[in-house]
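The structure under discussion appears below in the form of structure tokens.
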């Protein structure tokens, strides 16, 4: 890369701008390079055409039908059902049912019991008869898997709201938990921010134990309707599980004798905690599940549906709905405009769109306006740190995240923004905040510092996925890469991050992917960071990673990894080729100096052949991760931004590192 007069980065090779202001790559070299150049042109036009007038990009964020089912259950609980919403939700849920009657949590995955139960109940609320063929297949499968008694805690909580399960047979979650000091085990700040936002409102629900009249029985979902809530044997007392199970029994006893004044004060404190964290758009944390439980909790505390807090909360939930052309209504678990926008800006810049292109400048303007300059929950562990991060969503000032902040800085560095002092000030604040969020082991987590307590995951209540936020290789890699771009490769904090990454490499040469699937994502994140931080391509860790990536390349030239790799080692690096995962592998190989390798040529050929006529890629597979295995995500923009980034670096070379930051 070469520096332009305004200090931004330009291209390593001459480029001619087309009439639209994008790079004209049509007359490129023959072969893979020429095909890649033509694919870049189509992909660039496709991505530019999808930008919102305000400057942001956002693809659909697809998860699983529990979001849609719980939305209908919430409406039933609050008495706000409407026929059109119910019909549209049911249409989507039916469309996701698999041939064996089940619902999975990711495309092509196995049937999942809790998702199938919640989908079944939602369809019954929509009027589907239990003896209809698709319903009978589902209920039969549910019984075969142990029925409602074998479902996760969250599913049974939803059923308890209507008397379909007994509150006494659920783990206890007392609101007095809020009184635990920050140094005490199992205080709320020992939980990851997503779990914290969910648990606090559920302490009110657990204390109130509401039951609304059930519109129908669910005997068909029990293996033995006469004993619908069978007791489970306790684990040995000497085991952690046994200790926490007995602690839960003690909490059930406490529920019966809790001093009324203490319990009331604790619930009021929980309600206050919830209200203080409501965002300007009415949501909580920009995430649908905490918003749903917060609405229920506050309603139970006496807030009517016309109260401004609840009214704004319910309105915010409607914004999670994606209406499809067939009339179906899908609920997003959250929305990803900041993440999508910074990744899109990086992709376009690396593909050759000029740094001063109006759409890139507009994207930078929007990102600058999204910087969070007030303290949030992260301040509990870092009270003296100046705010300056970015969140994932439109509105989430309480929970900026380290990953988004690193990628936004990388994106802003690629734009020739006319207000350079504003840009530099924002970047400086973001870099300072990210450095301040480094955990004591030298790595970075997504939202919090040193959120590594071993106890929260042991609670009987916490069976819904990851509830702590330990450092991960992918987030640490993105921060290290950003710091290298800022000229901080030799900063001791960067070097500690590099050393941690090297220590986390698996024996096979890969890195685990916490927030993307899985080892392909982790390795695709780490290799560019290590090279940016100064490791030579000949470094043994890099050579091992290259060898692993080449060993798992599919016969068709692409890369893919199934979500089952989180549970079954046989799936590591294995799965149908996808556009996003092929791009991650290529980004790693290109960073490692493998541009002329046959594996890269084959990967590029797969991407160019898989591209559709409009310049996009299709990808039904889920390649994003919320909780490894337990909650999976299909980011609909991943299939566009990552292939464009990889093809751009293949054609134009790797972007320069370390020359555009202020250093220090």
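Throughout, read-outs are computed from the coordinates displayed, never taken from laboratory work. Small disclaimer: the values here were computed from a predicted structure and weren't measured. Please note: Cβ atoms are built from the backbone with ideal geometry, for glycine as well, and neighbour counts cover all protein chains shown.
Annotations for the structure displayed:
- Short-range pairs are left out: with C-alpha atoms under 8 Å and at least six residues apart, the relative contact order of the range 544-664 is 25 percent.
- With a cut-off of 14 Å on the backbone N, the residues of the range 591-616 near the modelled label site 7 Å out from residue 537 along Cα-Cβ are 591-601.
- Computed extension length for residue 612-residue 325: 101.3 nm, one decimal, from 0.36 nm per residue of separation with the Cα-Cα distance subtracted.
- Taking a point 7 Å out from the Cα of residue 551 in the direction of its Cβ, the residues of the range 512-526 whose backbone N falls within less than 18 Å of it are 512-513, 518-524.
- Relative contact order (percent, whole number), the chain, Cα cutoff 8 Å, 6+ residue spacing: 17
- Fewest-first ordering of 135, 301 by other beta carbons within 10 Å of each residue's beta carbon gives 301, 135.
- Of interest is the spacing of the C-alpha centroids, which for the range 536-570 and the range 498-527 amounts to 10 Å.
- Sorted by Cβ neighbour density within 10 Å, fewest at the top, the residues 322, 467: 322, 467
- Listed values (i) 148; (ii) 178; (iii) 159, entry calculated as volume of the Cα convex hull per residue in Å³: (iii)
- Counting neighbouring Cβ atoms within 10 Å and putting the fewest first, the residues 604, 262, 552 line up as 262, 552, 604.
- Span from the the range 287-320 Cα centroid across to the the range 372-397 one, whole angstrom: 23
- Residues residue 134 and residue 419, FRET efficiency given R0 of 56 Å [Cβ-Cβ distance, rounded to 0.05]: 0.45
- The range 54-71-the range 138-190 distance, computed between alpha-carbon centres (Å): 25
- Whole-number percent relative contact order across the range 142-236, with pairs defined as alpha carbons under 8 Å at least 6 apart: 40
- With the highest mean first, a sort of the peptides 359-368, 64-73, 516-525 on other beta-carbon atoms found within 10 angstrom per residue produces 516-525, 64-73, 359-368.
- Cα gyration tensor shape for the range 342-453, rounded if a/c is under 1.5, else prolate or oblate: prolate
- Under 12 Å from the residue 569 label point (7 Å along Cα→beta-carbon), backbone N, the range 508-525: 508
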